[in-house]
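A quick write-up on the structure given underneath.
Every number here is computed from the coordinates shown, using simple stated rules; none is lab data. All values reported here derive from a predicted model rather than from experimental measurement. Glycine gets a Cβ as well: all are built from the backbone with ideal geometry, and neighbour counts include every protein chain shown.
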Amino acid sequence: MAAEPSSTISAVWHLGHDAPSLGNGAMLLAEAKMQGGAESFIDLIVIEEGRAFPLVLEKTLQEVRGVASIHKYAQFRQARLQKQVWPSSDESVIACHNIDTTLRLQERFLLTGARPYLQMSQTAKALAQNIISRYAADRAPITVHLKNQMGGESNAAMGVWADFIKNRRDAAFFLIGHDDVPDILKKMENVIIVSQHAPELAVHLALISAARGFLGMQSGPANFAIFSNTPYVLFKNPAHHKTEMNRELGDRNNYNFSYPWQQIWREHETLALLESAIDIILSTHAPLRHAHVR
């Protein structure tokens with residue numbers, strides 16, 4: 001049974017079973033919110049067991065609205081838990097609980113119609129809005145995350161993105177994250193490298209909801225678009241995590257709790273696809289989006 005509003009729920013993250021990543025953190029918080037109620041507070045319990053919880057991740061998740069505290073423990077038996085716990089107060093159950101999936105959230109949506117929703121703090125949102133106001137001018141602000149990791153299987157096709165962005169003078173592209181950005185993109189007048197103006201990742205994530213939409217690769221930051229009402233199109237290497245993606249989506253191009261303007265395309269980026277993607281975003285009107293905000 002869901003908790004009463006304003007209750008506190010412990011969300012247990014055992015790093016021995018689930019890696020310390022932004023994507024996993026978003027998944028766990030979204031599930032805890034669904035379990036505890038939209039207005040519940042979360043006491044994030046991190047069990048390190050020899051695996052350090054990165055400080056940048058801790059600071060970022062502390063800025064998620066509703067996260068009341070983060071406590072780290074060396075071992076599970078040391079943890080002090082609230083009366084309500086997600087996924088369990090039993091360590092053996094936690095060991096079998098895979099964070100990196102939306103299947104439980106999709107099942108919950110089928111049962112209740114409730115959509116998972118995460119917001120950043122008012123401070124982060126205000127800073128994000130200030131960046132847009134200063135640099136978007138009369139262009140449509142689009143937040144972008146271009147994954148670019150050494151040896152990554154789902155990295156962005158930078159040349160394709162550069163050709164696309166160069167031709168879209170009607171949009172201002174706010175590149176979030178701390179991935180390496182090619183010089184060709186850095187030199188474009190309609191590209192804003194957010195890390196040059198705000199190093200805090202929380203502000204980057206707040207830009208996702210502050211902008212007209214989000215484009216990029218399916219990655220950790222993208223989960224904050226997935227758990228929002230922001231229009232987005234995510235690209236996923238069709239050969240990467242193929243079995244997992246089929247399990248999550250089947251033959252659909254979005255999660256069942258997503259809106260029609262929120263899509264995941266299991267295709268490699270092309271100029272034509274990027275043009276189609278931004279058309280989806282720019283054709284979604286703000287009043288329609290705002291009507292769905294909780």
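Side notes on the structure shown:
- Annotation: peptides 123-132, 229-238, 185-194, 103-112, ranked by per-residue average of other Cβ atoms within 10 Å with the highest first, follow the order 229-238, 123-132, 185-194, 103-112.
- If you take the Cα centroid of the range 193-210 and the Cα centroid of the range 111-134, the two points sit 11 Å apart.
- When the helices of the chain are scored as -39500 (n - 2.57) per DSSP H run of n ≥ 4 and the total is divided over every residue, the value at 222 nm lands at -10000 deg cm²/dmol.
- Each Lys and Arg Cβ is given +1 and each Asp and Glu Cβ -1; about its Cα centre, the chain then shows a dipole of about 520 debye.
- With R₀ fixed at 41 Å, the C-beta to C-beta distance from E275 to E248 puts the FRET efficiency at about 0.95.
- The coefficient of translational diffusion for the range 122-290, derived via Stokes-Einstein from the alpha carbon Kirkwood radius under 37 °C and 0.692 mPa s, stands at 205 µm²/s.
- Computed log₁₀ I(q)/I(0) - Debye formula, equal Cα scatterers, no solvent, the range 8-100, q 0.14, 0.16 Å⁻¹: -0.41, -0.54
- The chain: relative contact order as a whole-number percent, Cα under 8 Å and 6+ apart: 17
- Among beta bridges from DSSP that stay inside the chain, the antiparallel ones total about 5%.
- With contacts taken as Cα pairs under 8 Å and at least 6 residues apart, the range 1-126 reaches a relative contact order of 32 percent.
- Each peptide in 215-226, 135-146, 261-272 was scored by the mean count of other Cβ atoms within 10 Å over its residues; highest first, the order is 215-226, 135-146, 261-272.
- Look at the alpha carbon pairs under 8 Å that are at least 6 residues apart: their mean separation over the length of the range 122-290 gives a relative contact order of 24 percent.
- Spin-label model distance (nm) - M188 vs S21, 7 Å beyond Cα toward Cβ: 2.6
- Computed across the chain, the Kirkwood radius stands at 19.7 Å (inverse of mean 1/r, all Cα pairs).
- If you count Lys pairs in the range 122-290 whose Cα atoms are under 25 Å apart, skipping same-chain pairs closer than 8 places in sequence, the total is 11.
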